[in-house]
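Written below as structure tokens is the structure these notes are about.
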Amino acid sequence: MAVPDFTTPAEAPRRREASARREAHSVTAGLGARIKALRSERDLSLRSVAAQAQISPSLLSQIERGEASPSLVSLVAIADALDVRPGRLLDDDAADESAPSPVVRRGERRIVDDARCRREYLMHLDDPYLEVAELIVAPGGESRPQLARHSGRDYGVVITGEIVIEFENGRSETLKRGDYIAFDAEIPHRAVNRSSRGARVLWIIAHDRSESARQRRAAIRAA
């Protein structure tokens, strides 16, 4: 006999969202092992890859051990340092399609799962121009362990909760539901949840693919 569904109209959207999250593809599992294996194959030291990716050796070590999850910006930088496409690190079969659908369904999102900041990527991971993600930041969580910079421009809209965007020199901006921010991503920054409730933020990074940006990145890596 069929079991009756007592889901109320108010609960239905939450049930659908929870189901979609379970179906989405986590890219955290095995990520660190793939990075370490590729680094070893190329006989590259942890310190040299970290320097090229502009992250600390300790963070790269944590990523390889599965104790930390990189942002997509850091993931792309690590892929560049290893001379592979990001999809290779993510074991992303969808990235191999010659003509992928222009639509990414909720259940097809790629996820970098971390207890402090879960990232659900809304776009195809090989998009060369935009990084679009929903950040779910736990109370006391942050988008990265320390301030960091990258090329391009960042845009954020708080969907629920409250978030603080920290910048260098101690400057910060507190954003609440519906608030919007945009800034030059070459200013060191990170997002932090100092509240007692979780926060959800739509975060967009417009990558700078200009020749001058490539020269700046090369100069930083060579320094």
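Summary of values
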| read-out | value |
| --- | --- |
| Residue within the stretch 158-171 that is surrounded by 13 or more Cβ atoms within 10 Å (Cβ to Cβ) and hydroxyl-bearing (Ser, Thr, Tyr) present | yes |
| Residues being at pLDDT 95 or above and either of a type in the set (Val, Ile, Thr) or assigned to a loop (DSSP other than H, G, I, E, B) (or both) - total across the stretch 120-137 | 2 |
| Top-ranked residue in the stretch 138-151 [being modelled with pLDDT under 85 and surrounded by 20 or more Cβ atoms within 10 Å (Cβ to Cβ); ranked as nearest to residue 58 (Cα to Cα)] | 144 |
| Hits in the stretch 176-208 (condition: in a loop (DSSP other than H, G, I, E, B) and in contact with a Leu (Cβ under 8 Å, 6 or more places away or on another chain)) | 188, 207 |
| Subset of the stretch 165-223 (residues that are at pLDDT below 90 and farther than 26 Å from residue 129 by Cβ) | 223 |
| Residue satisfying all of: in the stretch 89-114; over 13 Å from the mean Cα position of the chain (by Cα) and under 24 Å from residue 32 (Cβ atoms); modelled with the highest pLDDT among these | 108 |
| Some residue of the stretch 154-165 being in contact with an Asp or Glu (Cβ under 6 Å, 6 or more places away or on another chain) and touching a residue at least 40 places away in the same chain (Cβ under 8 Å) | yes |
| Count of the stretch 49-70 residues which are surrounded by fewer than 23 Cβ atoms within 10 Å (Cβ to Cβ) and part of a loop (DSSP other than H, G, I, E, B) | 6 |
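The values are calculated or read from the model by the stated rules, or taken from the named source; none is laboratory data. Predicted model only: the values in this text are computed from it and were never measured. Reconstructed Cβ throughout: ideal geometry from the backbone, glycine too, with neighbour counts over all protein chains shown.
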